[in-house]
Every structure is written in C-alpha cells, then in structure tokens.
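The values are calculated or read from the model by the stated rules, or taken from the named source; none is laboratory data. Note that the structure is a prediction, hence the values are computed from the model and not measured. Every residue, glycine among them, receives a Cβ derived from its backbone with ideal geometry; neighbour counts consider all protein chains shown.
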Amino acid sequence: MIPKKFITNAATEVGFDLVGVVPVEPLTKERNCYEEWLLAGNHSSMAYLERNREKRFDASLLVEGARSIVVCAVSYLSPFSRGYADGVRGKVASYALARDYHLTIKEMLAELAERLKTIAPSLKFRAFTDSAPVAEKTLAVRAGFGWIGRQSLVVNPKLGTMMLLGELVINETVDEYSEPMRDVGCGSCRRCVESCPNSAILDNRLIDTRRCISCRTIEREWEGEAVNLDGWIFGCDACQSVCPFNHHAPLHRYPKFDPKFDPMDIDWESLTEEEFSTIAGDTPLTRAGLERIRKNL
C-alpha cells in the first residue's frame, strides 16, 4: 500500500499542479452516456472513438491487476490563452504553441512512476494522456479536480480549464482515496455556450464535433456541412478564453509548456515545409501539417 501523501508530494515535485487517486472500478453510468453520444453521431470523423469502449470505462482491462489510478493535471495557461483580437486570422489554440503535451506528460508520468517504485518496488503501471482509451475527465472529477463545465471540460476553481490530464494506472492500493468536490459548478453562466460561432456546445455538457472548430481544424476532414472557422487554423480556445475561472487563473509554471512562437508573427501562406518543421516540429501542429493549416487559413 502506498501513502497518498507520498504520491501527492512526488507528483508536485515532478511538475503537476493537481493530483488525486481513485480506485479502479467500472464507470457504467458514464459509458451509457458516451454510447448515446456516439449513437447521435456527435463524434463525426473520429471513428477511433468507437473502439475499445470497454477499456475506456474500466481501467482493470488496461493493466493486469490494476487497483488504483493516479490522476494528474498540469496548467498550460499562457497569455495566448486569454484570446485574440476580433477579426484575427491564423489563430492557434494555446496548448498547441508549446511542445507536444503527449511527450511532456508521458515523461512526467514516467518520472512519477520511478519515484513510486522507491517505496513500491513491485509496482506495475501504464501511463496515459489523451491518446489512449481512458475516461480522463470523469476520473479527474472523481479525483477532486473540479466539475464538468458546460463546454464539456473539467473546470477547477483555481486553475480554470486550461489543464492537461495524465494518468498512471497502477497495481497498488493507496491508504486514502480522493473525493469529488462538493457544491461547485458553473452556476447560471453560459459564456462558453454563447461564445461558440457554430453552436457546437450541446445543452447536456457535450459537444457536437461536426460543428466544433477544434475538431474541424485538426481531425480527419469531415465531408458534411462547412462551418465557420472564425480565423482558427489549429484548434480553438473560444469557449475557454471567455470562462471567468480562466480570467483569474495563474499562468502555467512548468517551463516545458512555454509557447515556442507567436502565431501572429508567422506568414503561414509563404512558410516552407522546412521552416514549418523548424518552428513547430515538436508541437501538436505537426498532426495537421502545413498543407492542412493553409487550407484552414
């Protein structure tokens, strides 16, 4: 059994802003909601979301003997997260201006696991962040990070929504598990809903990705109705930059999430592939590639 306090201290030292631990158990209610979302076609071109549904909502299928999940979050909020001026073209979601978070968070989780091994030598684990079938937001809420806001993201009262999540599924128990926050929420605020140019935010705190700018600029191109990209060429922060909690949240503290460039300084139309690789080679923008970014522009 690992002391929760040891996990919390180790995760903080590694660079995470929030950490909680929850027991491994099936997430039946959440899976049912997810199934309904898929049936409605809200996942658009993201067919990969239809796969591994059992694993997504039952971590025991991801790691043999899994007993606990260490849930971590780190802020990436930067000045770019506050939004752009009206009418600007070439906008990039603020998380994508830094080194690819998949790389950074996996490294942080690996370091955390090594620290846990110092008191649990037989530790077995798997590290996840976004690209694997894990119900991250549900786990974050259960770990006490906050609540699901109207824009479907986890809202923390101190850090806002500009957070990235990562998980360690481990085969050890913990002496104390985290509890969800109580009596918190968005109240009557609907700024995120009203900010979306395409009304992609549904009433049930879910997203219709067919109308979501972030999905339409990054994921496999959708053959359906065209949408207004509102000047965004990769991702979109519209529903986050208006959130009151983000207005008061501190800037990120972990250097690897520092923005590597200012998208307003880049002439995307004349940029060569070589220049693109130099500027954005280790950022999430490579997922779309320069040709797709130009098309979005």
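Data for the structure
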| read-out | value |
| --- | --- |
| Options Ile233, Ile201, Ile207: the member that is in contact (Cβ under 8 Å) with a residue 24 or more places away in the chain and under 20 Å from Glu291 (Cα atoms) | Ile233 |
| Residue in segment 177-194 that is buried (at least 21 other Cβ atoms within 10 Å of the Cβ) and touching a Cys at 6+ places or on another chain (Cβ under 7 Å) present | yes |
| Cβ-Cβ under 8 Å pairs, at least 6 apart or on other chains, segment 246-259 side in contact (Cβ under 8 Å) with a residue 12 or more places away in the chain and of a type in the set (A, V, I, L, M), far side surrounded by 20 or more Cβ atoms within 10 Å (Cβ to Cβ) and in a loop (DSSP other than H, G, I, E, B) | Ala249/Leu77; Ala249/Leu159; Ala249/Met162; Leu251/Leu77 |
| Residue pairs meeting the criteria (Cβ under 7 Å; at least 6 apart or on separate chains; first over 15 Å from Arg99 (Cα atoms), in segment 280-297; second surrounded by fewer than 21 Cβ atoms within 10 Å (Cβ to Cβ) and of a type in the set (D, E, K, R)) | Leu290/Glu273; Arg294/Glu269; Leu297/Arg89; Leu297/Glu269 |
| Single condition Leu61 does not satisfy, out of (1) touching a helix residue (DSSP H, G or I) at 6+ places or on another chain (Cβ under 6 Å); (2) under 29 Å from Lys5 (Cα atoms); (3) in contact (Cβ under 8 Å) with a residue 60 or more places away in the chain | (3) |
| First in segment 132-146 and in contact (Cβ under 8 Å) with a residue 40 or more places away in the chain, second anywhere and assigned to a helix (DSSP H, G or I), Cβ under 6 Å, 6 or more apart | Pro133/Lys55; Pro133/Arg56; Ala135/Glu30; Ala135/Arg56; Thr138/Glu30 |
| Number of positions in segment 70-107 that are surrounded by fewer than 21 Cβ atoms within 10 Å (Cβ to Cβ) and at negative phi | 14 |
| Hits in segment 108-167 - residues which are under 29 Å from Glu194 (Cα atoms), in contact with a strand residue (DSSP E or B) (Cβ under 8 Å, 6 or more places away or on another chain) and of a type in the set (D, E, K, R) | Asp130, Glu136, Lys137, Arg142, Arg150 |
| Test for Phe16: is it at pLDDT below 85, surrounded by 15 or more Cβ atoms within 10 Å (Cβ to Cβ), closer than 16 Å to Ala143 by Cα and out of contact with any Ser or Thr (no Cβ under 6 Å at 6 or more places or on another chain) | no |
| Within segment 50-161, helices (runs of 4 or more DSSP H) holding 2 or more residues that are hydrophobic (A, V, I, L, M, F, W, C) | 101-117, 136-142 |
| Residues located in segment 68-92, provided they are farther than 30 Å from Pro3 by Cα and touching a strand residue (DSSP E or B) at 6+ places or on another chain (Cβ under 6 Å) | Tyr84, Gly90, Lys91, Val92 |
| Residue within segment 178-196 that is under 28 Å from Thr286 (Cα atoms) and more than 18 Å from the chain's Cα centre (by Cα) present | yes |
| Every residue from segment 256-296 that is more than 20 Å from Ser81 (Cα to Cα), assigned to a loop (DSSP other than H, G, I, E, B) and either in contact with a Gly (Cβ under 8 Å, 6 or more places away or on another chain) or not hydrophobic (A, V, I, L, M, F, W, C) (or both) | Asp267, Trp268, Glu269, Ser270, Thr272, Gly281 |
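Residue-by-condition table, conditions (1) more than 23 Å from the chain's Cα centre (by Cα); (2) surrounded by fewer than 19 Cβ atoms within 10 Å (Cβ to Cβ); (3) under 30 Å from Leu39 (Cα atoms):
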{"residue": "Leu206", "(1), (2), (3)": "no, no, yes"}
{"residue": "Phe245", "(1), (2), (3)": "no, no, no"}
{"residue": "His248", "(1), (2), (3)": "no, yes, no"}
{"residue": "Leu251", "(1), (2), (3)": "no, yes, no"}
{"residue": "Glu269", "(1), (2), (3)": "yes, yes, no"}
{"residue": "Thr278", "(1), (2), (3)": "yes, yes, no"}
